[in-house]
Amino acid sequence: MALGPIMLGLEGVELAPEERELLLHPQVGGVILFARNYQSPEQVAALTTAIHAVRRPRLLVAVDHEGGRVQRFREGFTRLPAVRRLGEIYDRDPLRAKYLARATGWLMAAELRAVGVDFSFAPVLDLDHGVSGIIGDRAFHSDPETVADLAHAYMSGMQKAGMEAVGKHFPGHGGIAADSHRELPVDPRSYADLATTDLLAFERMIHYGLVALMPAHVVYPQVDERPAGFSARWLRVILRQRLEFHGVIFSDDLDMTGAREAGSPPEGARAALAAGCDMVLACNDRHAAVAILDHLHEAMEPVSQLRLIRLHGRGKLTVERLRRNPVWQRAVRLVQDYDTFPFLEMDI
């Protein structure tokens, strides 16, 4: 059974029988986990094992685990600083900041891989223009070259741990105050303005080999009247053709207010896939997710299958083995004390 184009959320800390049946639907390709699905490393490892056992190829398991405000698993995991801290360090010591970014990316990914999570929706590639509360310290910096430099180091650490990165929120969510979780943001800037600022970080990361991106539920009316995640101009023309991105495109959550412009949940899913997304997220509304599965019958493009398979996590690791690893022990101390922990080379 091939991977389908829908990523679903689950309701609790165990895989319920009815959810197992949902995951067997041919249109399902993955599961995204939240704090509601987490009690402990051991519990979530059992949950991911159950998800992966449902079918072959195994379903993708993802989570939002950026650090700072956005870290779904906390107790039993290292508390990761917001990546803004890395940008602040970069301003006075770029070499140290990149080393810390690589170590942090490795630590985040290694702890998630040890419990069976395939990938995190990270890092954020948005710029901090000082106006967006929903982005804010989730952004590395306000300068696109600095963001790309730090994100590249962060991604290389993730890859060392067996995880690919997912950059977000293309082409940039940091330039407006509105939160797409609650409303539909509109960014009035021209493409020329975006191309010399926000888009630069994404362009650099594509050049560095980024294999997945998530577009923003934001309208850029000087480019297209539709939000970026539902816009063929943004995804097929600009991202695929102009920027030569050949990786996975995920929609942001279709349950967000910023996605409602596209219509009902099935209409939104169909519009996102038609615009160029490979996989769409239906995270928090079970009725909407079932409606999407019931009404979505379009065949998935074979190239999407090849892209998605690349996101399966690599290597076999357990929490116990990870915690015995001296590299993990040093990385934890380093991430807990960015400013004073000795600058020691580690095998990361």
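The values are calculated or read from the model by the stated rules, or taken from the named source; none is laboratory data. Everything quoted here is computed from the prediction, not taken from an experiment. Cβ placement follows ideal geometry from the backbone for every residue including glycine, while neighbour counts extend to all protein chains displayed.
Below are the figures for this structure:
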| read-out | value |
| --- | --- |
| Selected residue [under 26 Å from Leu150 (Cα atoms), outside any loop (DSSP other than H, G, I, E, B), of a type outside the set (D, E, K, R) and modelled with pLDDT of 95 or more] from Leu194, Leu210 | Leu194 |
| Selected residue (criterion: nearest to Val70 (Cα to Cα)) from residues of the range 37-60 that are free of Cβ contacts under 8 Å to residues at least 40 places away in the same chain and assigned to a loop (DSSP other than H, G, I, E, B) | Tyr38 |
| Residue in the range 168-180 that is acidic (Asp, Glu) and closer than 28 Å to Val61 by Cα present | yes |
| Complete set of residues in the range 166-199 that are among the basic types (Lys, Arg) and crowded, with 16+ Cβ neighbours inside 10 Å | Lys168, Arg189 |
| Unmet requirement for Gly30, which otherwise passes all of (1) touching a helix residue (DSSP H, G or I) at 6+ places or on another chain (Cβ under 7 Å); (2) within 16 Å of Ile249 (Cα to Cα) | (1) |
| Boolean, Val13 is β-branched (Val, Ile, Thr), more than 23 Å from Ala161 (Cβ to Cβ) and within 22 Å of the chain's Cα centre (by Cα) | yes |
| Residue in the range 128-145 that is nearest to Ala216 (Cα to Cα), counting only those that are among the aliphatic types (A, V, I, L, M) and touching a residue at least 40 places away in the same chain (Cβ under 8 Å) | Ile134 |
| Members of the range 315-329 that are β-branched (Val, Ile, Thr) and part of a helix (DSSP H, G or I) | Val319, Val327 |
| Test for Val115: is it under 30 Å from Gln39 (Cβ atoms) and surrounded by 19 or more Cβ atoms within 10 Å (Cβ to Cβ) | yes |
| Selection count, the range 11-36, where residues are without any contact (Cβ under 8 Å) to a residue 40 or more places away in the chain, within 18 Å of Val63 (Cα to Cα) and part of a loop (DSSP other than H, G, I, E, B) | 4 |
| Flag for Arg20 being surrounded by fewer than 16 Cβ atoms within 10 Å (Cβ to Cβ), under 29 Å from Gly136 (Cβ atoms), modelled with pLDDT of 95 or more and of a type outside the set (Gly, Ala, Ser) | no |
| Residue in the range 34-49 that is modelled with pLDDT of 95 or more and either within 27 Å of Glu298 (Cα to Cα) or in contact with a His (Cβ under 7 Å, 6 or more places away or on another chain) (or both) present | no |
| Output for the range 275-325, where each listed residue is among the β-branched types (Val, Ile, Thr), touching a helix residue (DSSP H, G or I) at 6+ places or on another chain (Cβ under 8 Å) and under 29 Å from His246 (Cα atoms) | Val280, Ile292 |
| Meets criteria (part of a loop (DSSP other than H, G, I, E, B), in contact (Cβ under 8 Å) with a residue 12 or more places away in the chain, of a type outside the set (Asp, Glu) and more than 16 Å from Ile32 (Cβ to Cβ)) for His312 | no |
| Per-region count, the range 284-300, residues of a type outside the set (A, V, I, L, M), farther than 14 Å from Glu267 by Cβ and in contact (Cβ under 8 Å) with a residue 12 or more places away in the chain | 3 |
| Subset of the range 160-196 (residues that are free of Cβ contacts under 8 Å to residues at least 12 places away in the same chain and farther than 15 Å from Val131 by Cβ) | Ala192, Ala195, Thr196 |
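The rows are residues; the columns are (1) farther than 30 Å from Ala53 by Cα; (2) crowded, with 19+ Cβ neighbours inside 10 Å.
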position	(1), (2)
Val83	yes, yes
Leu86	yes, yes
Asp93	yes, no
Ala101	yes, yes
Ala109	no, yes
Leu125	yes, yes
Ile135	yes, yes
